[in-house]
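Notes to accompany the following structure.
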Amino acid sequence: DNNLWDIGPPMKDARWGHSMVRLDDKTVLISGGVGDDGSPLSSVEKYDSINSTMELLSSMQEARSGHRLLKDKNGDVYAIGGYGSEGTSLPSFEKFRVNSNQWNKLPDMSEARSHHSAIILKDENILITGGTRDYNSPSGTAELFDMKSGQWKSAGSMREARMGHVSYQFDSKNGFNCPDFNTHGEVFIMGGYGLSAMDSVEVYRPGGGGWSAFESIVRGSTKDNFIRLVRGISQNWHR
């Protein structure tokens, strides 16, 4: 019966507030978080579900919790932002080369962030949105990391500051095609926390298209295309 829970091996370090990402070999990389003593962790481990094992990997250069992990098309992993050992948000950014088991520091973001959203776009740039410096004040700013130049640049500001939100980009290549929404590889920013829990959605158009409220885009769409958009989000969300 596939509808059952199994108990896997314990992690090497007890942790909460950590981040995880699935690697190309179908193992799961787990990094950072907060340990038993209440301090952020730099340790990294890998879970192999086939062999039911946990393996310690090289530690990140900086301890962090509430950060984001991303995997690029080459299988390498990026750890971005989070809370550091001083209890404040971090601007730091590092890359894990899976094949060599080595972390390397990359240029800092322009703004320290935790509980932000991070996504690798179709053009292989990294879009960072929102988050918080001190957990009390959500940010509305966004920035892009250019993989080719290795530099950060502004991506403007969202219409609403938010943290703990999610972002998603989809197009016809992953099974969704909606002409009104899909001509620029739009990124949808959904929910999060501002002054309270948020239900708003806004859209970022890469390549200088800027930010728009989801409602304003829907008004310019046909009913059929709006229905296709909603279906596309639900069908592609977990891919």
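Taken together, the values in this text are just the output of simple stated rules run on the coordinates, not laboratory data. What you see is a predicted model; the values in this text were computed from it and never measured. FYI the Cβ positions are ideal-geometry reconstructions off the backbone, even for glycines, and counts take in every protein chain you see.
Sketch the reach of a paramagnetic label on N2 as a point 7 Å from Cα along Cα-to-Cβ, and name the residues of the range 9-32 whose backbone nitrogen lies under 12 Å away. Those under the cut-off are none; the list is empty.
Cross-link check: pairs K46/K71; K12/K73; K46/K153; K73/K95; K26/K153 evaluated at a Cα-Cα cut-off of 24 Å; pairs beyond the cut-off: K12/K73; K46/K153; K26/K153. Can you list which of the trypsin sites (Lys or Arg not before Pro) found in the range 39-121 are DSSP loop residues with at most 13 other C-beta atoms within 10 Å? Those satisfying the criteria are K73. For the range 1-108, a/c is not less than 1.5, where a ≥ b ≥ c are the root eigenvalues of the C-alpha gyration tensor, and a/b does not top b/c. That puts it in the oblate class. Taking Lys and Arg as +1 and Asp and Glu as -1, the other residues whose beta-carbon sits under 12 Å from that of A63 total -3.
Within the shell defined by Cβ-Cβ distances under 10 Å, the residues around S85 carry a net charge of -1, with Lys and Arg each +1 and Asp and Glu each -1. A Förster radius of 35 Å, combined with the Cβ-Cβ distance separating N101 from S212, puts the computed FRET efficiency at roughly 0.25.
Using 0.36 nm per residue and subtracting the Cα-Cα separation, the extra length available between S58 and A197 on full extension is 46.4 nm. Relative to the current alpha-carbon distance between S49 and D123, full extension at 0.36 nm per residue lengthens the span by 23.5 nm.
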